[in-house]
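Student: The following block contains the structure, expressed as structure tokens.
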Amino acid sequence: MENAAEASDGPTSAAVKVSGVGRTFRLGRRELVALQGISFGVRDGEFVSIIGPSGCGKSTLLRLIAGLIAPSSGSISIGESTVREARAARKFGFVFQEPTLLPWRSALQNVTLLLELARRGSAAERRARGIELLELVGLGQFVDTPPAKLSGGMQRRVGIARALAVDPQILLLDEPFGALDEITRQQMNVFLQSVWTAQRTTALLVTHNVGEAVFLSDRVIVMSNGPGRIVGELQIDLPRPRDLTLLQDQRYFALAGQLTQMLFTSGVALQSAYS
Amino acid sequence: MKSRRARSLLLTATAWLLLVGAWWLFAAHEQRPGTIWATPGQILGSLVSLRSAYVANAVVTLKEAALGFILAVSVAVVLALAGERYKKIAATTQRAAVAIYSLPIIALAPALVLWTGPGLTTKVVIAGLGAFFPVLINLVQALRTTPAGALELMQVGGAGSWQVFRRVELPYALPILFVSFMTAAPAAITGAMLAEWVGANAGLGIQLLNSMNEFDIPQLYATLVVASALSVAAWLLFRVLGRLFFPWQTSVGAGHHGREGA
Ligand SMILES: Nc1ncnc2c1ncn2[C@@H]1O[C@H](COP(=O)(O)OP(=O)(O)OP(=O)(O)O)[C@@H](O)[C@H]1O
Ligand SMILES: [Mg+2]
């Protein structure tokens, strides 16, 4: 189970199903196989993390699932629908690896942007929802601040609030807390868990951080590079809700250690990363 | 911040003073009949005594330049947007624009006069030709280089192509459009003056020609000063407007550093 080359599809109601997906990029005359033979499923309401070395194709995988790029081979379905249909129905919330905030909009206007696009609610309702979300991510004081005057971590949190604003069924998070300090990161992890519990969303989180993956996930998928592929999977059977006391729990340590070991024995091609 | 600004102003003022002083010394010592130099004092004198002529001619040239500029911006915006919407015609319009730009305006002007007569049209068209190219290439480039992340964000949000244009592509392109105005507006003024050389009754270009023919060297230089002042004013206008309309443009690069007025 744990080190199966292919992660399991999970039980019947798959929110996300990725079947034999590969993606090749053309770099000038060279072809780069970014992903090869990726198959896994995410159950409805499940929290799954993807962990793997830099450049193994994690961002590419999230982009494929959200339909921002098309797979070179294989197929992806979102529940009963295609990726394109799911996107048209605004099922995705995407937290990008870069903050990607629009510089002429205030924090609040950035959060409500996608609601405006969807013409959801009145202007006053959107505003109220935006303020509520900014308060949730600890930015209640910065509602009218433009992105250029926010710190990197604060910009990240605006990005998270923006993704949550559309009440997504599937939350795709690309290293959302990568730029945060350890304390804020742990607070954000607790926050993300509560949002995920409250909204009953399905979550797919890309991370570099073993502790974060264990703390948040029901299941962790381990990837390796050269070409990007799945090399293992780890079930996280820790009780929920989880709080920060878990970080001193023996079971937490055991799972984190297990995951670290999987990462290091998975044939990560370090030389290719540094050549 | 304040002191750095003050220092930069002081430096500019000093440079100007030195330049004018050097000019004055040089011109005063080269003063012979038929010489090509006029002292700053003579130039100033001409500006004062012929002030109504300078104003009248400047108004004529400015009108031609402004109409030409508006024409150029309209055509360039339409072409750039059309090229963005229908990618197939983009390459064709680009090539046509380069071809037109590579035509020497000075050679084109007489031909245009033959076609349209020596009226306002010629001046407007030639002024427009000077302003057209920088606006077109900058706008095309700006529309093409919308940050990929912003486009992906709009895609996730299920935005249609009009929404993408209005919410992201246009706001990212507008500040760059205004930067292109900073070069296009002075180019329109130069173009208008050039067009006047081919045939006109009034305008700074004509005043330049007349003062040359009459060997009124102070007037010649004074006309140049007026023309440069107009160009600088046009440049400044769009710089100020750009900063006013798109304040984030200056704050993007500046990050967390203090800004003027912040
Ligand atoms: N648009 C693209 N064109 C060409 N190559 C690409 C493109 N996007 C990604 N790649 C390549 O695909 C590989 C995987 O990139 P990806 O961004 O998915 O990695 P990642 O796992 O997210 O890395 P990191 O953890 O550093 O963010 C890299 O080798 C990258 O160069
Ligand atoms: Mg990435």
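Student: Confirm whether A:Leu204 is within 14 Å of chain B (Cβ to nearest Cβ), within 27 Å of A:Ala148 (Cβ to Cβ), within 16 Å of ligand 2 (Cβ to nearest atom) and not hydroxyl-bearing (Ser, Thr, Tyr).
Tutor: no
Student: If you take the residues in the range A:55-113 that are within 14 Å of A:Gly22 (Cα to Cα), aliphatic (A, V, I, L, M) and touching a helix residue (DSSP H, G or I) at 6+ places or on another chain (Cβ under 9 Å), which one is farthest from ligand 1 (Cβ to nearest atom)?
Tutor: Of everything passing the filter in the range A:55-113, A:Ile76 is farthest from ligand 1 (Cβ to nearest atom).
Student: Could you please let me know if B:Leu224 is open to solvent by 60 Å² or more (accessible area, probe 1.4 Å) and touching a Leu at 6+ places or on another chain (Cβ under 8 Å)?
Tutor: Taking the combined requirement at face value, the residue satisfies it.
Student: Within the range A:43-63, which residues are near ligand 2 (Cβ under 9 Å from one of its atoms) and among the small types (Gly, Ala, Ser)?
Tutor: Of everything in the range A:43-63, those that are near ligand 2 (Cβ under 9 Å from one of its atoms) and among the small types (Gly, Ala, Ser) turn out to be A:Ser54, A:Gly55, A:Gly57, A:Ser59.
Student: Does the range A:64-87 hold any residues that are within 12 Å of A:Ala34 (Cα to Cα) and within 16 Å of ligand 2 (Cβ to nearest atom), and which are they?
Tutor: A:Leu64
Student: Separate question: Which one of the conditions (1) closer than 20 Å to A:Arg90 by Cα; (2) under 21 Å from the mean Cα position of the chain (by Cα); (3) surrounded by 20 or more Cβ atoms within 10 Å (Cβ to Cβ); (4) within 14 Å of chain B (Cβ to nearest Cβ) does A:Asp167 fail to meet, given that it meets all the rest?
Tutor: Unmet for A:Asp167, out of (1) closer than 20 Å to A:Arg90 by Cα; (2) under 21 Å from the mean Cα position of the chain (by Cα); (3) surrounded by 20 or more Cβ atoms within 10 Å (Cβ to Cβ); (4) within 14 Å of chain B (Cβ to nearest Cβ): (3).
Student: Also, quick follow-up: Which numbered condition in (1) open to solvent by 60 Å² or more (accessible area, probe 1.4 Å); (2) more than 10 Å from ligand 1 (Cβ to nearest atom); (3) closer than 18 Å to A:Gly232 by Cα is the only one that A:Asp44 fails?
Tutor: Status for A:Asp44: all satisfied but (3).
Student: On to the next question. For the list (1) closer than 25 Å to A:Leu62 by Cα; (2) without any contact (Cβ under 8 Å) to a residue 40 or more places away in the chain; (3) buried (at least 19 other Cβ atoms within 10 Å of the Cβ), I need the number of the one condition that A:Leu102 fails.
Tutor: (2)
Student: Could you please find all residues in the range A:139-154 being in contact (Cβ under 8 Å) with a residue 40 or more places away in the chain, open to solvent by 30 Å² or more (accessible area, probe 1.4 Å) and not in a helix (DSSP H, G or I)?
Tutor: Across the range A:139-154, the qualifying residue is only A:Pro146.
Student: For the range A:20-34, name all the residues that are open to solvent by 20 Å² or more (accessible area, probe 1.4 Å) and either under 21 Å from A:Phe47 (Cβ atoms) or touching a residue at least 60 places away in the same chain (Cβ under 8 Å) (or both).
Tutor: A:Val33
Student: Please determine, by comparing only the residues of the range A:73-102 that are within 21 Å of B:Gln249 (Cβ to Cβ) and modelled with pLDDT under 95, which one is farthest from the other protein chains (Cβ to nearest Cβ).
Tutor: A:Pro99
Student: On the given criteria, is A:Leu113 at the interface with another protein chain (Cβ under 10 Å from one of its Cβ atoms) and part of a helix (DSSP H, G or I)?
Tutor: Yes.
Student: Now for a different question. Looking at (1) within 16 Å of ligand 2 (Cβ to nearest atom); (2) in a strand (DSSP E or B), which one does A:Pro99 not meet, given that it meets all the others?
Tutor: (2)
Student: Next question, about the same structure. Among what's in the range A:116-138 and is of a type in the set (A, V, I, L, M) and at the interface with another protein chain (Cβ under 10 Å from one of its Cβ atoms), pick the residue that is most open to solvent (accessible area, probe 1.4 Å).
Tutor: Applying the filter and picking the extreme gives A:Ala118.
Student: On the given criteria, is B:Ala96 open to solvent by 40 Å² or more (accessible area, probe 1.4 Å), free of Cβ contacts under 8 Å to residues at least 24 places away in the same chain and within 30 Å of B:Val140 (Cα to Cα)?
Tutor: Considered against the rule, which asks whether it is open to solvent by 40 Å² or more (accessible area, probe 1.4 Å), free of Cβ contacts under 8 Å to residues at least 24 places away in the same chain and within 30 Å of B:Val140 (Cα to Cα), B:Ala96 comes out as yes.
Student: Residues to consider are A:Gly211, A:Gly226; find the one that is farther than 21 Å from A:Gly178 by Cβ and either touching a residue at least 40 places away in the same chain (Cβ under 8 Å) or within 16 Å of ligand 2 (Cβ to nearest atom) (or both).
Tutor: From the options A:Gly211, A:Gly226, the qualifying one is A:Gly226.
Student: Looking at the range A:49-61, I want the residues that are within 14 Å of chain B (Cβ to nearest Cβ) and have a partner that is more than 9 Å from ligand 2 (Cβ to nearest atom) and not in a strand (DSSP E or B) with Cβ atoms under 9 Å, at least 6 apart or on another chain. Which pairs are those?
Tutor: Matching pairs, first to second residue: A:Ser59/A:Phe96; A:Thr60/A:Ile69.
Student: Of the numbered conditions (1) open to solvent by less than 10 Å² (accessible area, probe 1.4 Å); (2) within 16 Å of the chain's Cα centre (by Cα), A:Ser224 satisfies every one except a single condition; which is it?
Tutor: For A:Ser224, the exception is condition (2).
Student: While we're on this one: Among the residues of the range B:115-155, which ones are among the aromatic types (Phe, Trp, Tyr) and over 18 Å from the mean Cα position of the chain (by Cα)?
Tutor: Passing the criteria: only B:Trp115.
Student: Return a yes/no flag: does the range B:45-56 have any residue that is loosely packed, with under 12 Cβ neighbours inside 10 Å, at pLDDT 90 or above and of a type in the set (S, T, N, Q).
Tutor: yes
Student: Restricting to helices (runs of 4 or more DSSP H) lying wholly in the range B:124-231: which have 3 or more residues that are within 14 Å of chain A (Cβ to nearest Cβ)?
Tutor: B:148-156, B:161-164, B:170-198
The values are calculated or read from the model by the stated rules, or taken from the named source; none is laboratory data. Bear in mind the structure is a predicted one, so any value in this text is a computation, not a measurement. Every residue, glycine as well, gets a Cβ built from its backbone with ideal geometry; the counts of neighbours run over all protein chains shown. The area values use the complete protein model at the heavy-atom level, side chains included, leaving out ligands, DNA and RNA. Shrake-Rupley method; radii C 1.70, N 1.55, O 1.52, S 1.80 Å.
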